[in-house]
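Written out below as structure tokens is the structure these notes cover.
The values are calculated or read from the model by the stated rules, or taken from the named source; none is laboratory data. Bear in mind the structure is a predicted one, so any value in this text is a computation, not a measurement. Here the Cβ is made from the backbone with ideal geometry for all residues, glycine too, and neighbour counts use every protein chain on show.
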Amino acid sequence: MSFLLLFACGVAGGLFGGMGMGGGTALIPLLTIGCGIPQAAAQGVNLAAFLPMSSVALAVHARSGLLERRGTVRIILPALLFSVLFSLLAVLLPARALGRGFGVFLLALSLCVMRPVLFPSAHTLRPQ
């Protein structure tokens with residue numbers, strides 16, 4: 001595999017992540033489709049890249065006073081639990097099922113993002 005191709009995929013994932021889209025949304029398909037890397041390995045690479053980036057972002061937001069500390073344990077504990085559970089499930093699933101599941105997730109995510117464009121009347125502000 002060409003180093004430059006892998007580097008370009010990393011740059012694209014970082015660019016999308018920096019714009020708020022979520023780098024894994026771009027990085028995983030780029031690695032699987034563009035580079036032929038197995039789905040589970042691509043998800044592992046995404047997780048390995050996500051941990052240091054999210055740690056830096058958390059530190060920056062904390063220093064800026066932008067963290068709402070109240071209720072964080074109620075969010076963090078289930079997130080950790082389900083991250084571990086679904087990581088184990090991802091290892092057990094066949095690559096084809098994993099790929100299809102991720103595809104369905106991306107379609108659902110894109111519909112959620114496009115909802116205000118597709119149904120603008122449902123998102124207009126009404127006077128109260």
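Here are some notes:
- The selection criterion, being of a type outside the set (Val, Ile, Thr), touching a Gly at 6+ places or on another chain (Cβ under 9 Å), farther than 17 Å from residue 46 by Cα and surrounded by 11 or more Cβ atoms within 10 Å (Cβ to Cβ), holds for residue 93.
- Test: residue in segment 96-113 that is out of contact with any helix residue (DSSP H, G or I) (no Cβ under 6 Å at 6 or more places or on another chain), exposed (fewer than 12 other Cβ atoms within 10 Å of the Cβ) and polar (S, T, N, Q): yes
- Residue in segment 28-41 that is within 12 Å of the chain's Cα centre (by Cα) and without any contact (Cβ under 8 Å) to a residue 40 or more places away in the chain present: no
- Some residue of segment 117-126 being touching a Pro at 6+ places or on another chain (Cβ under 7 Å) and exposed (fewer than 11 other Cβ atoms within 10 Å of the Cβ): yes
- Residues (modelled with pLDDT of 85 or more and either within 21 Å of residue 24 (Cα to Cα) or among the polar types (S, T, N, Q) (or both)) located in segment 111-128: 111, 112, 114
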